[in-house]
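Trainee: Take this structure, written in structure tokens, and hold onto it; I'll ask about it next.
The values are calculated or read from the model by the stated rules, or taken from the named source; none is laboratory data. Fair warning: this is a prediction, and the values are worked out from it, not measured in the lab. Note: ideal-geometry Cβ built from the backbone for every residue, glycine included; neighbour counts use all protein chains shown. Areas reflect the complete protein model, heavy atoms only, side chains present, ligands, DNA and RNA absent. Shrake-Rupley method; radii C 1.70, N 1.55, O 1.52, S 1.80 Å.
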Amino acid sequence: MVGVAYDCLANPLGAVRSTFEKAIASGSDPASFDGRDWGAVDLFRNFLYDDGGLSQVPILNSASIRWVQPNTLVRFRGMIQDMLGNEFYVGAYKDGSVWRTNKFTDVPQFPVDSTPDMRLWERRMLYCTPVPGQNSWAESSDGVMFTSMESATQQREKRPRVDVEATDDMDVSDNGIEGSPSTKKLKENGHSSQQSITEGTSSSMITALDVNSDSLPCLIKMYDCLESDLKLNEVFEFVGVFTFDSEFKEDKDESDDLTNGFSEDVLVHLPPNKVPRLHCFIHRKLAVHDFLPRSPTIEPKPNLVKEIREALLRHLTAVLGNDGIAANFMLLHLLSMVYSRVGTVAVGKLSLNLTCLSRESAPVFGTQLGLALKNLLPFTQCISLTVDYLNTASLAPRKDYETSRLITGALQLAEGSHVIFDETRLEAGILNSVGVENARLLKTLIELQKVEYDFKFYKLDMPADIQMLVLSEGKSNILPADVVLPFHPSSVASTEVTAEALEAWRWYLATLRSLPHSIDSELQKVIENDLVAARQEDRTLGTQDFSRLLTMGRLMSMSFGETSLSLEHWQMVKELERLRRERLK
């Protein structure tokens, strides 16, 4: 039996210290632990996964931060919005004759004197935000854990924490934490100058997309992991020690202004009373299906998938005013994803442009469609494109070298996000230089699935995987979609669905989009002959049209739960394309 020190949930740092002391007692040299674990991470991995402890670990968010205790084990799910560089810290030191460690902590437990034996280690810092556009149902996957942990906390103490105020007090605005050049210089717990040296040259302020009181950022400190394991805009779940100092005060004696708006301390705009810290033990990359509230362990068997497909198609048809053709294209669009890149071509994308929408019909069907997609997909956004929006919006992230931060943009999104671009309110007007650049960024995104990040002296293309739906009166000139379809609704119907149906549809869309797929050699010959015949009939058809038809064939077979394209499904694609072309005439 393990002792109290191994209470991984309530006293994770006790477990860290105990495993360190055991490792030292067994004869290990502290110098050998530079960049590697001494058994602490294995202890937590066993607790979380082998012993089922993961379900007991609370999720850190704007609601749970009111009651979660500092120095306890928490989880944070979010997107890497910025990489803050590396930080040096005193990892191991001698307290008299006893070796101690500061790993996974902000502040040493005991005073640290500079000695030759002191070990200086390194950790990475990541600025993470909740996934942009994350819908409330995707957050409810953690509801069971929140309830159980909250009740456990209330049993341990008669009343909830009073030292952590509501997150409304976190001075968060659309432009970030109050700060920038006039922010007063801070020293984290009075130890920053002697205990840690910031080496990195990235971000410093909260700049999350659509930041509000429900959007809690987190500063993640990573240990002993490869740089290639973590990339910008990827979504992760981090498990580690939570630290948050609500009583942290600014040093009033320091100068009111930072020299030229730049602070040598990269954490100056992320004080511990504004942004919580998480010292990470274990991290794992999350996919869309990880955000299902109750992820069912269902095999995508064709019969079951066909039933779910038919029900979802009926739902989409009703949402789209009984336009069955639009519903079929919408289904393929919602299953699309970039699964490969050949040169500059993003293979697998299928953007959709529904035309013939007016200012009168767009609020009806656009709103109805937007609500339907919010209930089906975990990350959704809607952007209304107007001349004023294009001329003023910050779409691409940009580097601010004065504060050494990456300032987010509306197009800094997680993989698997869905965005509706509503052009129905776009009127004739003049685009300024910002508007022209924004129009170019949107065109690049829909055509190549790339977003240009602005680093002032150069541009850096970041790959994206964003499902893009365009609503417009005529064919969009700004966003040339893969599929252009005139929208022909015939009715407006209210759609009511059961919770069970929504769960099944969410599982369907999240699971089937990542199925493997192939085309056998015999069918390849049939497809080649069909494409040659189509080219002879219509000389305007090009390689992009053929590529789109192959993508539709792949998505059509996947929509039935099949991993290989059949002749029947290829015929369905050809018929769907024929009906679309008839509408375009």
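Trainee: Roll a 1.4 Å probe over the protein chains and send me the accessible area per residue for the range 515-584 in Å².
Mentor: 56
Trainee: Continuing with the same structure: Plugging the Kirkwood radius over Cα pairs into Stokes-Einstein for the range 515-584, at a temperature of 25 °C and a viscosity of 0.890 mPa s, what D comes out in µm²/s?
Mentor: 196
Trainee: Still on this structure, I have one more. Within the range 28-128, which trypsin sites (Lys or Arg not before Pro) sit in a loop by DSSP and count at most 14 neighbouring Cβ atoms inside 10 Å?
Mentor: Taking the range 28-128 and a limit of 14 other Cβ atoms within 10 Å, the loop trypsin sites (Lys or Arg not before Pro) found are R36.
Trainee: From the backbone phi of the range 498-513, what are the Karplus-calculated ³J(HN,Hα) couplings (6.51 cos²θ - 1.76 cosθ + 1.60, θ = phi - 60°) in whole Hz, Gly and Pro given as x?
Mentor: 7, 4, 5, 5, 4, 4, 5, 5, 4, 4, 4, 5, 6, 8, 6, 5
Trainee: Expressed in nm to one decimal, what extension gain is obtained for the pair V347 and N529 from 0.36 nm per residue of sequence separation less their Cα-Cα distance?
Mentor: Roughly 63.3 nm would be gained on extension.
Trainee: Same structure again: Tabulate in residue order the Karplus-calculated ³J(HN,Hα) for the range 440-453, using 6.51 cos²θ - 1.76 cosθ + 1.60 with θ = phi - 60°, rounded to whole Hz; enter x for Gly and Pro.
Mentor: Running phi through 6.51 cos²θ - 1.76 cosθ + 1.60 with θ = phi - 60° gives 5, 4, 5, 5, 5, 5, 6, 8, 10, 6, 9, 10, 7, 8 Hz.
Trainee: Along Cα→Cβ, 7 Å out, is where each label goes; now give me the distance between the ones at S358 and S518 in nm to one decimal.
Mentor: So the label points at S358 and S518 sit 5.2 nm apart.
Trainee: Okay, next question. Over the range 302-514, what is the relative contact order in whole percent, taking alpha-carbon pairs under 8 Å and six or more residues apart?
Mentor: 32
Trainee: If you build the convex hull over the alpha carbons only and average its shadow over all orientations, what do you get for the range 477-546? Give it in nm² to one decimal.
Mentor: 9.1
Trainee: Please give the length that would be gained between E575 and D224 if that part of the chain were fully extended, namely 0.36 nm times their separation in residues minus their C-alpha to C-alpha distance (nm, one decimal).
Mentor: Stretched fully, the E575-D224 segment lengthens by 120.9 nm.
Trainee: Please list, by residue number, everything in the range 478-502 whose backbone N is under 17 Å from a paramagnetic label point 7 Å out along Cα→Cβ of N322.
Mentor: 487-496
Trainee: Shape of the range 269-410 from its Cα gyration tensor (a ≥ b ≥ c, root eigenvalues): rounded if a/c is under 1.5, otherwise prolate when a/b > b/c, or oblate?
Mentor: The shape class here is oblate.
Trainee: Can you work out the FRET efficiency for the pair Y49 and E299, with r the C-beta to C-beta distance and R0 = 25 Å, to the nearest 0.05?
Mentor: That pair, Y49 with E299, gives E of 0.65.
Trainee: On to the next question. Hey, rough spin-label estimate for D113 and D95, points 7 angstrom out along Cα→Cβ, what's it come to in nanometres?
Mentor: For the pair D113/D95, the computed spacing is 1.4 nm.
Trainee: Mean 1/r over all different Cα pairs, inverted: what Kirkwood radius does the range 302-514 give, in Å?
Mentor: The Cα-based Kirkwood calculation yields 18.2 Å.
Trainee: Over the range 458-585, what percent of the accessible surface lies on carbon and sulfur atoms, probe 1.4 Å?
Mentor: The nonpolar share, carbon plus sulfur, comes to 51 percent.
Trainee: Here is a further query. Mind listing the long-range amide H neighbours of R341? Cut-off is under 5 Å, sequence gap 5 or more, other chains count too, H placed in the peptide plane at 1.01 Å from N.
Mentor: Answer set, sorted by chain and number: V347.
Trainee: Need the full-extension length gain, S384 to L431, defined as separation in residues times 0.36 nm minus the C-alpha distance. One decimal, nm.
Mentor: Length gained, S384 through L431: 15.3 nm.
Trainee: Along the Cα→Cβ direction, 7 angstrom out, place labels at L541 and L460. What is the inter-label distance in nm?
Mentor: Calculated label separation equals 4.3 nm.
Trainee: Please report the Cα spread of the range 352-451 along all three principal axes, rounded to whole Å, starting with the longest.
Mentor: Cα spread of the range 352-451 along its principal axes, largest to smallest: 46, 35, 23 Å.
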